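Below is one structure; the comments refer to it alone.
The values are calculated or read from the model by the stated rules, or taken from the named source; none is laboratory data. These figures come from a predicted structure and were not determined experimentally. All Cβ positions, glycine included, derive from the backbone under ideal geometry; neighbour counts span all protein chains shown.
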Amino acid sequence: DAGVIQSPRHEVTEMGQEVTLRCKPISGHNSLFWYRQTMMRGLELLIYFNNNVPIDDSGMPEDRFSAKMPNASFSTLKIQPSEPRDSAVYFCASSRDRSNQPQHFGDGTRLSIL
Amino acid sequence: ELKVEQNPLFLSMQEGKNYTIYCNYSTTSDRLYWYRQDPGKSLESLFVLLSNGAVKQEGRLMASLDTKARLSTLHITAAVHDLSATYFCAPRGTASKLTFGTGTRLQVTL
């Protein structure tokens, strides 16, 4: 089975540019999570979708961040405008709701804002 | 708000030795997950602990859960170099949200 697929793997861009990160969850999984990992703050949950609906976006840092899940097989996390402090590794994870199975993580997108 | 504390943050141990990583959390949780992360890599699920007293073992790693004490442990037996990684515990809070601990960076030396 294909795992969670994220793209791009690496992104380097200049401050002020729009950044879009993409995620394809595991087929059959109905919960999707976006995380950010930094040395200073560790692994933080940004937003969580269930059945394509945003359930909790309390971790989204500010209005510059937005996330969508237009269908069960695709989600995006957008940063506009980007700032150097947004540099981090962004992970997408998915799971099947009401199961005992863990969240499965993608390989992450390493984002550098210059 | 669920808070998670792992101890120690960094652990250097010799091959063949035993050690335990501790995970304390602040509020009631019905299940807890342990993950492993190698440098520059993603997170890999190790254990799912579903109830009080649950114990899971895989190779040289054994995890346990005490929901009354809000404590989980990850015990390493006769460590080998391949176990070098960062280990995270993550109790589940409201809905399906996991709160990750700070991680314990384990370095096993020859």
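Observations, loosely collected:
- Enumeration of residues in the stretch B:3-42 that are of a type in the set (F, W, Y) and over 22 Å from A:F91 (Cα atoms): B:F10, B:Y19, B:Y22, B:Y25
- Wholly enclosed strands (runs of 3 or more DSSP E) of the stretch B:31-110 bearing at least 2 residues surrounded by 16 or more Cβ atoms within 10 Å (Cβ to Cβ) and more than 10 Å from chain A (Cβ to nearest Cβ): B:32-37, B:61-66, B:71-76, B:85-91, B:104-109
- Qualifying residue in the stretch A:56-65 (condition: over 16 Å from B:S42 (Cβ atoms), in contact (Cβ under 8 Å) with a residue 40 or more places away in the chain and more than 10 Å from chain B (Cβ to nearest Cβ)): no
- Test result for A:S27, out of contact with any strand residue (DSSP E or B) (no Cβ under 8 Å at 6 or more places or on another chain), surrounded by fewer than 16 Cβ atoms within 10 Å (Cβ to Cβ) and among the hydroxyl-bearing types (S, T, Y): yes
- Scanning the stretch A:73-102 for residues that are modelled with pLDDT of 95 or more, part of a loop (DSSP other than H, G, I, E, B) and either within 14 Å of chain B (Cβ to nearest Cβ) or within 18 Å of A:Q6 (Cα to Cα) (or both) gives A:S73, A:S87.
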